[in-house]
Structure formats: C-alpha cells, structure tokens
Amino acid sequence: MVDFINYVQNDWNNIFSYSIEHLQLVGVAIAIAILIGVPLGIYLTTNDYLAETVLQVASIIITIPSIALFGIMIPILSTIGQGIGFLPALIALVLYSQLPIIRNTYTAIQNVDPNIRDAAKGIGMNTFQRLVKVEIPNALPLIMAGVRTATVLNIGIGAIAAFIGSGGLGVLINSGISRGNNNMVLAGAVFVSILALIADFILKYIQSRITPKGIK
Amino acid sequence: MIDFKNVSKLYNGNVKAIDDISMTVEEGEFVILLGPSGCGKTTLLRMVNQLESISDGEISIQGQNVKQMDKIKMRRNTGYVIQSNGLFPNMTIEDNTMIVPDLLGWDRKKKRDRFNYLMDLLGMNPDDYRKRFPHELSGGQQQRIGVARAMASDPPVMLMDEPFGALDPIIREKVQDEFLAIQKEVKKTILFVSHDIDEAVRMGDKIALLRDGSIMQYDRPTDMLIQPKNEFVSDFVGKDRVLRSMSLYTVQNLVDTFGLKNKEETILDTKEISIHTSLRVAISMILNQEADQLVIINDAGEAQGSLTFDLIEKFLHQEVKGA
Amino acid sequence: MIDFKNVSKLYNGNVKAIDDISMTVEEGEFVILLGPSGCGKTTLLRMVNQLESISDGEISIQGQNVKQMDKIKMRRNTGYVIQSNGLFPNMTIEDNTMIVPDLLGWDRKKKRDRFNYLMDLLGMNPDDYRKRFPHELSGGQQQRIGVARAMASDPPVMLMDEPFGALDPIIREKVQDEFLAIQKEVKKTILFVSHDIDEAVRMGDKIALLRDGSIMQYDRPTDMLIQPKNEFVSDFVGKDRVLRSMSLYTVQNLVDTFGLKNKEETILDTKEISIHTSLRVAISMILNQEADQLVIINDAGEAQGSLTFDLIEKFLHQEVKGA
Amino acid sequence: MNSKKLIAYIIRIILWVLVISFFWWAISGGMFGKIFAEPTKFKELLTQHLHLVSISAGLAILTSVPLGILVTRPRFRRSEWLIVNIANLGQTIPSLAVLALAMGFLGIGLKAAIVALYIYSLLPILQNTIAGLDSVRPEMKDAAKGMGLTPLQVLFRIELPSASASILAGIRTAVVLNIGTAALAYLIGGGGLGVWIFTGIQLFDNQTLISGAIPVTLLAVLVDFGFRGIQYLLVPKGIRLARKAAIEST
Amino acid sequence: ACSSGGDGEDKNITVGAKNFTEQFILAKMAILKLEDNGYSVEEKSNLGSSALRQALENKQVDLTWDYTGTGLVTYMGEDPIADKQEAYDTVKELDMERNDIYWTNLSEVNNAYTIVMTQEKADELAIESIGDLAEYVNNNPDELRFGTDAEFANRDDGLPGVEETYGFEFGDANISEMNYGLQYEALNNEEVDVAMGFATDSRIREYELVNLEDTESFFPSYNAAIAMTNETYENHPEVEEILKPIAEQLDSETMRELNYQVDVEERSVDDVAQTYLEENGLLDGE
Ligand SMILES: Nc1ncnc2c1ncn2[C@@H]1O[C@H](COP(=O)(O)OP(=O)(O)OP(=O)(O)O)[C@@H](O)[C@H]1O
Ligand SMILES: Nc1ncnc2c1ncn2[C@@H]1O[C@H](COP(=O)(O)OP(=O)(O)OP(=O)(O)O)[C@@H](O)[C@H]1O
Ligand SMILES: C[N+](C)(C)CC(=O)O
Ligand SMILES: [Mg+2]
Ligand SMILES: [Mg+2]
C-alpha cells in the first residue's frame, strides 16, 4: 500500500498525462456518439423497419471483442494512413457507444406513456413541440442512463486502445505487466476506475440538473 | 355542432369498433356517450379530434368536415380530457394546466388568473398545487387537473372521456354540480363519455347509448329512462329506471308544474323539505318517516304546500306525457 | 370465525393505518369492509393472512391466534384475491388457477374438472382460456381468474380485495349473483373489500364501514342504511339510503310479514308483480303506472293480494322497528 | 410509411454491401491465410480460448446466480445494497487490469487468466440476477404467499421464471464480454486467439491479425445468437409474449 | 513550448516508441532534449515494431529510435549483417532509397536478441550454446518449454530463423507467447525452461540468467539509432544535432543500468531519463 502511494507520487506526472489522454479519447468519442446516437434513436421511433436493423447491427457491434475491433481497424484505416493511434481508437469507441445510446433513446421515447402522447396530440401540439416539450423531457433519465453506460464502458475499453498506440492509462497497465510492476498495473486500474466514477458522477449531476423535477 | 354521418371504424382492418353511426350534437348541447366497456365510446370520441382515423363516413364540426380541417388548429379549439388523465409528468400542475394558453402565447398574468379561476372551480386551492407535480397528487386530483387543462383556453367544444371516473362518490358529485353550473352559463358543445348511468342521467342533455359500436338509443335522459327503445336499453338503465329519472327533478319542478303558491299556515307536525331537493331524495324521505307528507319550504323559509307520494306520482305521469 | 381484538397497524412506526379495531366475523358470514380510499381496508385484510404484520392486538381464526398458526398451512386454507389480481405472467390461465390444487397434489382429472367448473361459474368458456396467458385477457377477465384462483381448492375462509372492481356493471352483477348463489350453499367465511355501497348492500351479511383506520359502524346492511350511527355513515351511504335498503327486500318478505294469503278473485285492471321482485323495483313500477296498486303473483301464478305504496311504507317501518 | 420502408431497405442493403465487401477484401487479400497455413496452431488457440471461456463463465454462473438469489432473500436484504454497489464499482475496473492483477497473484498462464475471467464475469451475472429478482412485481409474490406457497415454491415457481429473462441476459452479457476479454489472455501468457491478434498488431501483419480477430468476433456473435435461442427456450412463454405485447403496444 | 512559433516555423514533432522499457527511456530522452530546444513534442508509445514502423511510413510518427538489425531484416527483408557500421550504412542507404526514411545518430547500444535460461537449468541440462539447445531439443522433443513475446515468435530474425539456422523445432504446443518482459519472470518461476531476451535487459542479470552462445552468429547487431521521416529531416535538420549527444554517450552497459533502474528499482521512466540527461550535462536548460 505504501509502495503504491509512493509509486503514484513518483510517477504522478505520467499518470496524470495518461489520464488526460484517456479522458480526451473517451470524451471526444462520447460527444460524437451522443451527436449520432440520440438523434438517430429519436428518428428510429418513427421508422420501425429501420429501428430493427439498426438495433441489430449495434448489438452485433457491441459483441465484437474490443481488441479484435481495434485490430480490424488497423488494416482498414491504414489505407488512409491512419492505422494506429487516435482515429481508429476513436472510431471503435464511437461504435461501441452506439448500442447503449441508441437503444436507450429509442426505448425511452417509445416508452413515454402513450396516454401522455395522446394528450399532447389532443391538445394540438405539433410533432416538434411534442418532442421538445413532452417526449424528450420524459425520456431524459433513460437517455442519460444510456450515455452513462456508454461512458463507463468506453473508459474501460479505452485502456485496451493503448495497444494500438492511442495512449492513455492502458499504457501504464501494459508497461506494468511487462515490467512485472504491480504498482503500475494497480495505478492503471485504480485511475481508470476513478475516471469512470468521476465521469459517472458528473453525468449523474448533469442528468439531475436537466431532468424535470416532476419525473425524478 | 358536431355531426356524425354513417361513421364506421375498423381496427386493423377487421375489428369493427364503430358500426355506421349517425347522430348530431347541437351547438351548446351536452351529450353523454354511454355504454358497456368496449362498446366504442372512446373510439367515437377520438375520431372527432382525429386521434383515430375515420374508416368510413364523415364527421363535421360546425358544418366543416374534420378531415379537411387543420388538425393542430382544430385540436386547439377542442378541449380533450383523456380517459387516463395523461398529465405531463415533467411539468408542474400550473404548466400542465396552462399548456394550451402557453402555446397560444397568452401573457403571464392572464395565464395565472385563468389557472386560479379553474382551480377554484374544481375545488382545489391554486396556491397549494401550482408548483407541485402530477405524481404528488391523488388520482382524483389528477383527474380534475386533466379537466382544467382541457378547459384552459375556453374551447367551444369539449371531448371528455370518463373525466370523473376516479373521483370518489362524494367529490364526484361536487365536481359534477360545479361543472353543470358553468355549463348552464357558457353552453359549450360537449361530448362526454361515461359508463355510469346515474352520471349520464344527471349531466346530459341527451344520452347516446352504444352497444358493440352501434347506437341503441339517442334521447333525452327522461325519455330513455321512461321509454327505453329495446330490452338492452332497459336492462342497461336498470329496472328501477323510474326511480332514477326522479333524480332529474327537484321539488321546484313539481311546485312549478302544479302552480303551488305560498301558504300562510304552517303545519307543525310534519318534516320540512327544501324546494331544491331532488324528487328521488324526497321519496326516500317519505318512505323513511311516519307521516305521509312533507312540508315544502322555499328559499325564504316559507311553506309552499305539502308533498305526498300521490303528488309525486301525479307529477311523474304528467311529465312523461309531456315528454 | 375471524376475531379481531384491539387490532392496530403502524406503517414505518408512524403511519397509523388501523387504529384499535375490534370486530367478529362469524362462521359462514359474508362481511364487507367498506370505506373511502386509504381508510385501511386492504391493510386489515392482509393482516388476517399475515401478509402484513400485526402491530398491536390479536387476530384469531377459529379461536386460534393467527400468529401462532403455521403460516403456509393457514394461507392454503384461506383463499386470497389480491386487489390488483397478481396473476403469474409465466403461467397459463389454467396453471394460474390451479396452482394451489397443484401444490396439494390433486390429479390431472380433478384439476381439470375444477377449472372447468370455476370458469363456467364466472361466465368464461374454459376451453377458450385454458392455454392463454394473463396479458392476453382484458382487465375484467383477469380479475375473474384471480377470483377463480382463490376459490380453486375450496378454502373455508376467503379474503377478497375488491375482486369485482374492474368488471363493468352488467357482468359485475352477473358474477355477484353467481357468487351469492354459491355462498348460500357453501357458507364460507368471507371478508370482502369494496368501496361500492351498492355492492356492499347487495352482497354482505354485514358491513364494516371504516374511516381512517377505525370502524364507524359494523352492522347489517339494512341497519346501516336505515339507522346510520353518525353523519359520516349517512353521507357515505347516501341521502337516498332508504331507497337503497329497499333492494334488500323482495315482495315475498312483505307477503310473509303481513301474512297475505292466496286470493281467489283476480283484479283484471292492474299490472302484476312477481313475488321475487325487489321492493325497489316495486316502487319504481308503482311510480311508472297509472294505477295505485299491483297484483302480487306467486310462483304458481296465483294472485296473493295487492301491493300499494302505503303497504310498502308500512312494511319498511315495521322492519326498521324490528331491526 | 412506404418511404420509411424504402430507407430501411436501402440501409440494410448498404450494410450488407459493407459486410460482404469486407469479407471479399479479406478473403481476396488472403487475410485468413494463417488459418489454412497453420491449422493445428489455429485449433490449439481456439481450444484454449474455449477453455478459458467455458471454465471461467461456467464457474461464474454457478457462483453468481445462487449469490444473487441469496442476497435478495428478506433475511439478507441489508447486504444487497453493499453487494450491488460492489458490483457496480467492480464494473469500472477495466478487463485488462483484472487480468494483470490476477497475474500479480497467480503468476502467468492459463490459471491466472481463468481466475481473472471468472472474477470479471461474476458481476454482470450477479447484477442481472438481483435486478431480475427485484423486478418481480410485489403483488405477484404477495398473491403467491397469500395462497400458501412456501418461500422455496415462490422462488422456483414465480420468481425465477419471471426473472429468467434478466438472468439469462446477464449471463449472455458476461459470456460475450468474457470471449472478448479472453482475447487479452495472451498478455499474461494465457494463450487463446488473442495471440494472433496481438502478433498481428505488433508485427503489422494483417493476415495474422484478421485470422485471429475474425474468428473471435464470429465466436462472440455466434455465442450471442446462441444465447438468444436459449433465452427463447428457457424464458416462459407467457413472459416472453407479455414483453413482446408491451413493446408492440407502445 | 510554443507550437507554431512567431517565425512561422512549425516546431511540432511526434516521437514514437515501442512497447518495452528501453524504448520508453530513449524516447523520453529524445523528448526532453527536443523540448529543451523549443519543440512541442507528442509521444506515441506502446507500439509493436512493425506497427511503429508503419506509423513512421504513414507520417503519423515523425521520429523514433530503432535498431539496425531490425531495420535490415524485419523492415527491409535483407540478410543480417554482423558488422555494426556496415549494417547501419546499408539500412541508411536502402531505407532512404525505398521509403524516404532517414537514419542517423548510430549509438553503441546494442540491444540484440538473445536466448536465455536459468543458470540451474542450463547446468542441469548442460546447455551452453544455442547449438546445445538444438541438440537437446532434437533428442528430447516436447520436453522444454519456450517463452517469448509475439514479435520474436514470428520475426524472421527471431525464433523461426533460429530454429532454421540451428535445425531444431520446439513445436507450437511448447511455445508460450506472452507480453514482453513476462518471460523472465516465467523462467524464474520455472513456467518455461528457455526464453528469448533482450541483451540490454537488466533482468537477465537480476535473475541470474545465462545467455546461450550464438555459435552460428545468427543474430545480427541491433544498434540503436534514430529513424525519422525525410520530411522531418528536411524541415528540422537541426534535430540530428540536438539528439547527437545522446547517441554518442550511450552504450550497452549504460543502457542496461538505466533499464535496471526502471525495471528492477521501479523508478519512473521520466525520472530516470531526466536524471541521466542532467547528470551527463546533456540538458542546457534550467
Ligand atoms: N388499437 C386497437 N386495435 C384493435 N382493437 C381496438 C383498438 N382500440 C380499441 N379496440 C377495440 O375496439 C372496441 C372499442 O374500444 P373503445 O376503447 O372505444 O371502448 P370504450 O367504449 O371506450 O370502452 P371503455 O369503457 O372500456 O373505455 C373494443 O372492442 C376494443 O377492444
Ligand atoms: N407500505 C405502506 N407504508 C406506509 N403507509 C402505507 C403503506 N401501505 C398503506 N399505507 C397507508 O395506509 C393507509 C391504508 O391503506 P390501505 O391500502 O389499507 O387502504 P385501502 O382502504 O385499501 O384503500 P383503497 O381503497 O385505495 O385500496 C393509507 O393511508 C396508505 O397510504
Ligand atoms: C531490439 N530488439 C531486436 C530486441 C527488438 C526490436 O527490434 O524491437
Ligand atoms: Mg374508453
Ligand atoms: Mg385497498
């Protein structure tokens, strides 16, 4: 334990910059994933045929082992000279995030009490008003839950992205394995967990801020 | 005026929920859609504001085919109380109630005043509820908010789907009274779904009794009670339908019919009855007491004559013939 | 016999749901727990089969304290119809209904017969439903299956929590009649929760009217209607309670009370009334027709005298005094 | 309506084209050559992989489901909060670290990898078992109790059938994750198809890489489908239909 | 460091590193030096040799430390050359010609592949050279287990070449592949009997392992040198000068010591690199 703390103190600069790298990768990935997943999820509620296809594809993607997906990215992206590093890692993480985000958005909007939806229609709201005033506010908790799941998932998978040169805390873990240095491995694990917890905490806070009081 | 012309509704191409219904709801009329569960009341109502498509036939409001109207606009002009209240859980009670005025761009002051007015009307203290959320209200309170929401922008037409179903008998009666009182003044055109015969008799100018998607009888409550067109109707309104019809009349009606005048003498022996009491309660009182007659008392506390079983019977026959 | 002795229930140590209730349900008696929403009906019921703990006081069945009984055994002997039906979604209707017989090891034939019998009883075709799942049934159908399940092994004691709440008036009345008919034969001890005063009057040997966890009145329906103990009771049963009480009596009761005998002469002018008609309907008939009297006809089609308003009134007073 | 169907079809076709062109590219580029060049090695790696997964996941199921049942019993309710939170916290530790830490205690090789995978699979199953049992509607349990079912009967006849969908979903998630994580076992000398993936990545050898990555992917996808089938068979029909009806009615 | 200076010159450089300690240290030294000279440096580390090489060719990485032998055999597909300078000259020429990659700053650090065993085991089996090993394996097939990382197991200048040259084969089932570095531990714990190693890895000494003699001189020399894209060289010709002192001062023994500090003493790479540069007066700043 003392060893561990010493290690963290000594190598703090590295740990910190790996953490930042890690966060950048996951942060950008999640932001993009939200920008794609949420509107797509909303659109899918209006097109059942497509919903089935998209959800199936997303659920297949998420079953692909991460190291394999990173691996497959390399030859494909090499064709544009971006085989390693940030881009393949980013694409893989964005893909992994899609299932939780799309599925949650989709079911959240779909599960908005049909009576509420009817009431909104009966009052004379147009589709957009309904979406903004009624459906999205009521679906928010579930949508955010999807974002949180995706974030925690990505922070974990981000550690594996270190093998294709995108840096982050995975480097610490991998080097720890190579050097037989358990403190390094532990530091990697602990900081990944801490990042996940902090991210989850922040997202929960955001969620509580934007969730209408009436549905808490 | 709402006009149904040979309206039918097929669900999924095979379930016939509404079967060739024609009827007219006059301007300012309060019409009850009555019938057993699953007979098509909700369906018929929802076709008016086009939440359900019309499979066949035509529905028009003020002479205009609903299909040709702008849906959004038409719905804003039509208050709709949904069967299961459908309040928006993300909005406060005030926001829920004032959503249509909000969409219409009313200013704050006007909205607030309207909210206060409606809440008072429905027997709820506006300030107690303004900032609360739907889940913090009991079922009956939620239902009243649903009614308030539909009334908010004072639409000339109201579609109400069992709006008082969740209220317990005591509150229910109160709200019904309030509602009738406003209706007397503002004369909206109302389609009101119910499966409670007593409520229908009490509230409606007319009752449309449905069964399996068809109208069995469309009549004034008294006529339906006293002259049911077929066995289904008489079964549905009950064997004691005459007693039921008596809740429609007060002692006042009887006094007017027979032209009873103030009487100076007071009869000390017998119990008094207010002129506003319904005849049903009057009969109950007669049955419950030794004397054969009750003294009718008007608002000023003056005796107006005595009420006997025979008088009630006579009044009833006269009314039936007059109908 | 179910005996409540100073029973109280505190939820979370502070919400007093039941407040010092003492009452006795005799062997074979059908007792209704009546009262507004939240008054503690469900709570009281669930303490009997120990789904809720008893905070204070003692409940005993057949003289034995329920706390000292083997829970499992006691519950198998006690049919329980849950307020929100609680059917098991993973089982077919037949499996749902026959779960207790199954646990008791009945053989297939016996279970099948019992299932068919119960379904017939409740107005549902056994073969139409046997293999279906709960979610494929309408609310009212589900509720009837809940009742069937509780009755399956023919337990001597039944606890029923608003078992007919989701049924529409017509089916409801039918099921009530069936149920009363069996009860007349088998004489189970029944505690039945309702908030419908008409149902209570119709079904119960006795009614316990609750309010805020206390018993306001525990009496025979007529007594409660005719002699309400306080204002809450009279408000709850309604102003026309005397009329209501009349559904409890048939013309037969009146004939018996006054010892009317067969009459040879027939009165051609007036309408006939069966001896099995309720007095409430009788009054309605009198009001609905010109003549002042009806000819009472017994099962053999013989006239047994004439029925007038005065006679009914007289009967009522006699009954009230006799009560 | 029809234009929507059209969009859906077009997207579906595009996706198929992508998948087919990927495989065309892979096959025509001889990307699976390694499998044919070294079939025994491939078989060995695959067998190792399956060993890793089946032993660890099997043990995890045998531990987590009973544990989940245990902590949802009224007597242990208090511990549930703790267990659920540990499970949540545990999920934030990356799989890579679990492997590395297991190696710290157990040395390198298959054993450490199995233990790591076992630990890593416990949590999703446990979480879903608890969530599934918790979501059984209380009035159903009440009804069952009210009819005099013993606690065990309530468990086996009502709770487990109702929770089966959720429990199986947890197992499915765990096994699929497990297959992916087992691909990291190479790092601690645990073998498996990950050996080829890492070889491929480090040597920039697409053939080796794809020969390892695609079989692992197919394995995961197939097992996922397989579990869907099992779910179909094991989840009581009434529950399945009710869920479907609930989804369709919205 | 400022990224795009006022003189309009872009002083950004991405430095790559492979996935073992020495590479981390070397890269760190280069980074510190470059930063000291006003460069803004990004690091892309933890890559396999070929992946890093690919990144260099794709210009995702501008500059990296690599080894002559690796360049010659693995990247260029040429035969190994034993002589250090000749190997370097050949790589330098060929790589520029073929791939536009500029080699410079050849150092004395020779991080050759080697095959290692524990002293005990070697004594017990009387194995001193790779030739002895080959003979033993041929006589006792399926007895010895070999620990290696993925690269060595597959590179032409790795196990396949060794086996071919010495005429023996471990057989797939006896080869245990793992992350580089673990094989020393595995030897120590007797989980494998023979393993690959890096000549400059301090753990060989720490665990008292023996290097089996390469009697056939199969392994070429692997001297560390800088490889950068020609584009980088042209844009920043001074980089060569900046890094030169590092290459000039380092040798295998020093490198082993630095590796020791990180791998065995568990000091941080940053610390070790910084201290070394400062102590040898290689950092002008501060
Ligand atoms: N979406 C639908 N698809 C198919 N059938 C439907 C649908 N909605 C309603 N029905 C059927 O149409 C008939 C009429 O339904 P409706 O909801 O109008 O009844 P209701 O009179 O309002 O009954 P309740 O009093 O129970 O509300 C019923 O038989 C019902 O099963
Ligand atoms: N688990 C509980 N915790 C706290 N209070 C409770 C709980 N269950 C019931 N109550 C309260 O106890 C009182 C009695 O509830 P109960 O369910 O017995 O009412 P009820 O008469 O059956 O009403 P209803 O007709 O609405 O079913 C209510 O005020 C209710 O809010
Ligand atoms: C320097 N070695 C040959 C040991 C390994 C390499 O090329 O990365
Ligand atoms: Mg309806
Ligand atoms: Mg209740």
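Per-residue answers, yes or no, for (1) away from ligand 5 (no atom under 16 Å from the Cβ); (2) in a strand (DSSP E or B); (3) touching a Phe, Trp or Tyr at 6+ places or on another chain (Cβ under 6 Å); (4) on the phi < 0 side of the Ramachandran plot:
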site: C:199; (1), (2), (3), (4): no, no, no, yes
site: C:210; (1), (2), (3), (4): no, yes, no, yes
site: C:218; (1), (2), (3), (4): yes, yes, no, yes
site: C:222; (1), (2), (3), (4): yes, no, no, yes
site: C:225; (1), (2), (3), (4): yes, no, no, yes
site: C:229; (1), (2), (3), (4): yes, no, no, yes
site: C:232; (1), (2), (3), (4): yes, no, no, yes
site: C:239; (1), (2), (3), (4): yes, no, no, yes
site: C:246; (1), (2), (3), (4): yes, no, no, yes
Hey, can you tell me all the residues within segment D:51-66 that are under 14 Å from the mean Cα position of the chain (by Cα), farther than 23 Å from residue D:130 by Cβ and in contact (Cβ under 8 Å) with a residue 40 or more places away in the chain?
-> D:52, D:53, D:55
Which one is surrounded by the most Cβ atoms within 10 Å (Cβ to Cβ) among residues in segment B:266-280 that are in contact with a helix residue (DSSP H, G or I) (Cβ under 8 Å, 6 or more places away or on another chain) and at pLDDT 80 or above?
-> B:279
Unique match (being within 25 Å of the chain's Cα centre (by Cα) and open to solvent by less than 10 Å² (accessible area, probe 1.4 Å)) among D:155, D:117, D:168 = D:117
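Select the helices (runs of 4 or more DSSP H) contained entirely in segment A:1-120, then report the ones holding at least 3 residues which are among the hydrophobic types (A, V, I, L, M, F, W, C), under 16 Å from the mean Cα position of the chain (by Cα) and over 23 Å from residue A:195 (Cα atoms). So that I can check it myself, show each step before the final result.
Details: elements: A:2-10, A:12-44, A:48-63, A:66-78, A:86-111.
Those helices (runs of 4 or more DSSP H) span A:12-44.
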Which ones in segment E:100-120 are touching a strand residue (DSSP E or B) at 6+ places or on another chain (Cβ under 8 Å) and surrounded by fewer than 18 Cβ atoms within 10 Å (Cβ to Cβ)?
-> E:100, E:108, E:119
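If the requirement is being within 12 Å of chain A (Cβ to nearest Cβ), more than 16 Å from ligand 2 (Cβ to nearest atom) and open to solvent by less than 40 Å² (accessible area, probe 1.4 Å), which of these qualifies: B:83, B:50? Full working, then the answer.
Values: B:83 fails: open to solvent by less than 40 Å² (accessible area, probe 1.4 Å).
Result: B:50 is the single residue among B:83, B:50 that is within 12 Å of chain A (Cβ to nearest Cβ), more than 16 Å from ligand 2 (Cβ to nearest atom) and open to solvent by less than 40 Å² (accessible area, probe 1.4 Å).
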Qualifying residues in segment B:132-181 (those that are of a type in the set (Lys, Arg) and not in a loop (DSSP other than H, G, I, E, B)) - the one nearest to ligand 2 (Cβ to nearest atom) | B:172
Within segment C:99-117, track down each residue that is of a type outside the set (Phe, Trp, Tyr) and away from chain D (no Cβ under 11 Å).
-> C:105, C:107, C:108, C:109, C:110, C:111, C:112, C:113, C:114, C:116
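Do we find that residue E:145 is within 14 Å of another protein chain (Cβ to nearest Cβ), among the basic types (Lys, Arg), open to solvent by less than 20 Å² (accessible area, probe 1.4 Å) and out of contact with any His (no Cβ under 6 Å at 6 or more places or on another chain) in this structure? Please lay out each step first, then the result.
Numbers: within 14 Å of another protein chain (Cβ to nearest Cβ): yes; among the basic types (Lys, Arg): yes; open to solvent by less than 20 Å² (accessible area, probe 1.4 Å): no; out of contact with any His (no Cβ under 6 Å at 6 or more places or on another chain): yes.
So residue E:145 fails the test.
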The condition from (1) within 16 Å of ligand 2 (Cβ to nearest atom); (2) closer than 24 Å to residue C:205 by Cα; (3) out of contact with any Asp or Glu (no Cβ under 8 Å at 6 or more places or on another chain) that residue C:31 misses is numbered (3)
Name the single residue, out of those in segment C:21-49 being over 21 Å from residue C:62 (Cα atoms) and in contact (Cβ under 8 Å) with a residue 40 or more places away in the chain, that is nearest to ligand 3 (Cβ to nearest atom).
-> C:42
Here are some conditions: (1) in contact (Cβ under 8 Å) with a residue 12 or more places away in the chain; (2) within 16 Å of ligand 5 (Cβ to nearest atom); (3) away from chain D (no Cβ under 12 Å); (4) open to solvent by 10 Å² or more (accessible area, probe 1.4 Å). Residue C:5 meets all but one. Which one does it not meet?
-> (2)
How many residues are surrounded by 16 or more Cβ atoms within 10 Å (Cβ to Cβ) and of a type in the set (Asp, Glu) if we restrict to segment B:143-167?
-> 2
Check residue C:64 against each of (1) open to solvent by 30 Å² or more (accessible area, probe 1.4 Å); (2) touching a Leu at 6+ places or on another chain (Cβ under 9 Å); (3) more than 16 Å from ligand 5 (Cβ to nearest atom) and name the one condition it does not meet.
-> (2)
Across (1) within 14 Å of chain E (Cβ to nearest Cβ); (2) in a helix (DSSP H, G or I), residue D:191 clears everything bar (2)
State the number of residues belonging to segment B:148-170 that are over 15 Å from residue B:189 (Cα atoms) and either within 14 Å of ligand 4 (Cβ to nearest atom) or in contact with a Pro (Cβ under 7 Å, 6 or more places away or on another chain) (or both).
-> 7
Counted residues, segment E:192-217 - those being assigned to a helix (DSSP H, G or I) and surrounded by fewer than 22 Cβ atoms within 10 Å (Cβ to Cβ) = 3
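The values are calculated or read from the model by the stated rules, or taken from the named source; none is laboratory data. Because the structure is a prediction, the values reported are computed rather than measured. With ideal geometry, Cβ positions are generated from the backbone for all residues, glycine too; neighbour counts draw on all protein chains shown. Accessible surface areas use protein heavy atoms only, side chains included; no ligands, DNA or RNA. Shrake-Rupley method; radii C 1.70, N 1.55, O 1.52, S 1.80 Å.
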